[in-house]
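Heads up: the structure comes next, in structure tokens.
Read the figures in this text as sums done on the coordinates, not as results from a lab. All values derive from a computational prediction rather than experimental measurement. When we count neighbours, we look across all protein chains shown, and the Cβ atoms used for this are built from the backbone with ideal geometry, even at glycine.
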Amino acid sequence: MTGMTLALRALATAAAALLAVTAVSPAARAEPEPKAPPEFVDLRSVDPTIITEMRYTTAHTFMGEAVDGYRQPVCILTRPAALALRTAQRGLLRQGYSLKVYDCYRPQRAVDHFVRWAKDLDDQTMKDEFYPLVDKTRLFEDGYIAEKSGHSRGSTVDLTLVKLPALPTKPYVPGEDLAPCYAPKDQRFPDSSVDMGTGYDCFDTLSHTDDPRVQGVQRANRQFLRATLTGLGFVNLAEEWWHFTYKPEPFPDTFFDFPVARRSVAGH
């Protein structure tokens, strides 16, 4: 073998080694995704009877697509909030009702997704259902979208009541006709919950818990839900009948960004 051949072979070997290092180095440098602190749990591990319908893992959202950071339909909450929901559920089951959760912990990356969508004024895909009377230019000013969410602190939950035996919610088919979220219950998107006067995530003042236009059975259902939870440490957001925060919050000033996935709370 000539000296030139040996030199070329050595050069080829060195180049191959360099390519191998370059190929693996990004993965080697990549940081593992964050996991939840041990104070967070999967709600099903605390009470598997609570119905889980995590909307943001689906396309049936006000954006018309699944939300960043929602990998699996799992409700993650701080342990005190989950335990309080278990207490509420035990009382409701004796009365023929169940809780149903729509959203629980929400990663910051999901909130960032909301903000990007709100700034894209050309995207009006789901307007007919979720914000029929609200101009998209006002979503920030009117408080429907914000750059931070209490959900990211882990003790806030969006939920409703379901009369037992629970019926399944009809699957949403992207592109289907949309009815306003404040339409009569038999006209808006079918949901297994009791009639609360509006659907979930309805960007309208009718979603205010004590809006005086909401009367009768609808008002009674809202009051029943609020009374059930406020006695256990939850505080309702006045603008959203479905939104409750457990107090005191274990993490009142921390906005987390681990993904909504079972692995985030594995072993907790």
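Annotations for the structure displayed:
- Centre separation in Å (Cα based) which lies between region 105-120 and region 38-77: 16 Å
- Residue order for Asp204, Asp177, fewest other beta carbons within 10 angstrom first, comes to Asp177, Asp204.
- Calculated on C-alpha atoms, the gyration radius of region 162-228 divided by its Kirkwood radius gives an Rg/Rh of 0.97.
- Computed from Cα positions, the angle between helix 216-230 and the longest principal axis of the chain comes to roughly 60 degrees.
- Estimated translational D of region 37-265 in µm²/s (Stokes, Kirkwood radius over Cα pairs; 10 °C; 1.306 mPa s): 89 µm²/s
- In the chain, the longest principal axis of the Cα atoms and the axis of helix 108-119 are about 70 degrees apart.
- Helix content alone sets the calculated 222 nm mean residue ellipticity of the chain: runs of n ≥ 4 DSSP H residues at -39500 (n - 2.57) each, divided across all residues, give -9000 deg cm²/dmol.
- Positive dipole terminus of the chain, leading residue within Gln108, Leu167, Ser207 (C-beta point charges): Leu167
- For peptides 39-52, 69-82, sequence by mean Cβ density within 10 Å, most packed first: 69-82, 39-52
- Residue order, fewest to most beta carbons within 10 Å, for Tyr56, Tyr172: Tyr172, Tyr56
- FRET efficiency, Gln72 to Val115 (Cβ-Cβ, R0 30 Å, nearest 0.05): 0.80
- A Förster radius of 51 Å, combined with the Cβ-Cβ distance separating Asp142 from Arg94, puts the computed FRET efficiency at roughly 0.80.
- Inter-probe distance in nm under a simple model that places probes 7 Å from Cα toward Cβ, at Asp128 and Glu65: 2.1 nm
- Working from label points 7 Å from Cα in the Cα-to-Cβ sense, the Ser45 to Glu239 distance is 3.4 nm.
- Separation of alpha-carbon centers, region 233-268 and region 189-223, rounded to whole Å: 22 Å
- When only the Cβ of Lys, Arg, Asp and Glu is charged (+1, +1, -1, -1), the dipole of the chain relative to its Cα centre reaches about 1080 debye.
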